[in-house]
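Only one structure is covered here, and it is reproduced in the block below.
Just so it is clear, none of the values below were taken in a lab; they were calculated from the coordinates. Small disclaimer: the values here were computed from a predicted structure and weren't measured. All Cβ positions, even for glycine, are placed from backbone atoms using ideal geometry, and neighbour counts span all protein chains on display.
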Amino acid sequence: SAAKIINGVALAKEIKDEVKNEIDEVVASGKRRPKLIVIRVGEDPASKTYVKNKIKACEYTGIESESITLPTTVSEDELLNLINKQNNDDSVDGILVQLPVPEHITERKVCNAVTPSKDVDGFNVINVGRLCSDQMTFIPATPAGVMEVIRRTGIETFGKNAVVCGRSKNVGMPCAMLLHADGKYETQAGDATVTLCHRYTPPEQLPVFTKTADILVVACGIPKLITADMVKEGATVIDIGINRIVDEKTGKTKLVGDVDFEEVAKKAGYITPVPGGMGPMTVAMLMKNTMMAYKKEINFD
Ligand code: ADP
């Protein structure tokens, strides 16, 4: 039977509309708008697109935004100083530095420079630690989007088998964290049994694991890594891959995920498409995090 295709664009709009309505209300009551600072370094084309989409979502929801672009040659100190200036600006609620940063800049230093209460990407080590300790935090937008899709679609995670392919610190790891942790704590995690696969999972073992999945989350950056034979009938398949490939028929570049969508869609219960799945959800969750920062919903004391 054919899978239900999860409409990430529609779900993201639902979330952005909720944020927009909330902002309309606070503004009507005489308060200022939330404000997000987006910092980008260099000329990475994918980063440009991501930042553009984030600014567009800010405009839609009514979040004030400022996009700051620094040249590739900017020094680490200059970047850290800029972040610090935003940390100390009371009119700024959220700060994010679009990754990757150039080689001469230490990514970890940059992530830790963003003060935890404005760290809407959740990449500061304090917020990573909070997530791993089941404490309220800014959950990185992509994993937050995964959990939101699961909740809003009504997919059960409690006691289910989840398999995450990919263990990056910003995507795979936090997805696994949220899926396995105890739902009774502040992160409202999934209580699933989680298997985390990565590049050293032997290729012949990968299908053994993925076939156990009631929920399969894939974030590897490899087109068609997941084929239909690797998926359990009726499983929920969440594709976080964003790969730019050249279409053999048209010669144009197109976006594909890590899942062989056409074939897997015949077997899965639910599936997210690329594009139109987790991409828009990620942007929507960033808007939600910015609103959380504005409302000071997280107690960092
Ligand atoms: P993202 O930022 O989207 O998470 P990364 O490129 O940082 O992407 O990470 C890719 C992840 O995919 C890594 O954790 C890597 O171990 C994992 N990976 C790569 N190849 C495979 C594979 N064949 N099977 C399972 N996981 C893989």
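General observations
- Among C165, C132, C175, the ranking by other beta carbons within 10 Å of each residue's beta carbon, starting with the fewest, stands as C132, C165, C175.
- Gyration tensor verdict on segment 37-91 (Cα atoms; rounded if a/c is under 1.5, prolate if a/b is larger than b/c, oblate otherwise): oblate
- Put in order of Cβ neighbour count within 10 Å, fewest first, the listed residues H104, H180, H198 become H104, H198, H180.
- Distance distribution P(r), the chain, all Cα-Cα pairs, bin width 10 angstrom from 0: 6, 27, 34, 24, 8, 1, 0 percent.
- Rounded to 5, percent antiparallel among DSSP beta bridges of the chain: 10 percent
- Each residue of segment 175-184 is assigned a 3J(HN,Hα), and the resulting list reads 4, 4, 4, 6, 6, 8, 5, 7, x, 7 Hz, derived from the Karplus form 6.51 cos²θ - 1.76 cosθ + 1.60 (θ = phi - 60°), x at Gly and Pro.
- Alpha-carbon geometry of segment 141-279: the Rg and the Dmax are 14.4, 50 Å, given in that order.
- Taking amide H atoms as placed 1.01 Å from N in the peptide plane, the amide H of V194 lies under 5 Å from those of A162, each 5 or more residues away in sequence or on another chain.
- Across segment 10-18, computed HN-Hα scalar couplings (Karplus, 6.51 cos²θ - 1.76 cosθ + 1.60, θ = phi - 60°) run 5, 5, 5, 5, 4, 5, 5, 5, 4 Hz from first to last residue, x flagging Gly and Pro.
- Straight Cα distances below 25 angstrom link K224 to the lysines K4, K160, K169, K211, K232, K249, K252, K254, K266, K267, with same-chain residues fewer than 8 positions distant left out.
- Neighbour counts of other Cβ atoms within 10 Å put L96, L206, L255 in the fewest-to-most order L255, L206, L96.
- Segment 90-121 and segment 222-270 have Cα centres separated by 32 Å.
- Segment 31-119 - share of DSSP beta bridges that are antiparallel (%, nearest 5): 0 percent
- Built amide H within the under 5 Å cut-off of K4, gap 5+: Y270, I271
- Lys, Arg +1 and Asp, Glu -1 on Cβ, resulting dipole of segment 112-166 about Cα centre, debye, nearest 20: 80 debye
- The chain, relative contact order [Cα under 8 Å, separation at least 6], %: 22 percent
- Which of P100, Q135, L82, positive extreme of dipole for the chain (C-beta unit charges): P100
- The slack between A28 and F300, meaning 0.36 nm per residue of separation minus the straight C-alpha distance, is 95.1 nm.
- Directionally averaged shadow of segment 251-300, computed from the convex hull of its alpha-carbon atoms, nm²: 5.9 nm²
- Residues whose amide H comes within less than 5 Å of that of I68, counting only those at least five positions distant or on another chain, are V38, I39, R40 (H built at 1.01 Å from N in the peptide plane).
- Dipole-positive endmost among L255, C197, F300 within the chain (Cβ charges, Cα centre): L255
- Rounded to whole Hz, the Karplus (6.51, -1.76, 1.60) HN-Hα couplings of segment 73-88, x for glycine and proline: 7, 4, 7, 4, 4, 4, 5, 5, 5, 4, 4, 4, 4, 5, 4, 8
- Convex hull projection area averaged over all views, segment 1-111, Cα basis, nm²: 9.4 nm²
- Size descriptor for segment 56-185, Kirkwood hydrodynamic radius: 16.4 Å (Cα pairs only, one decimal).
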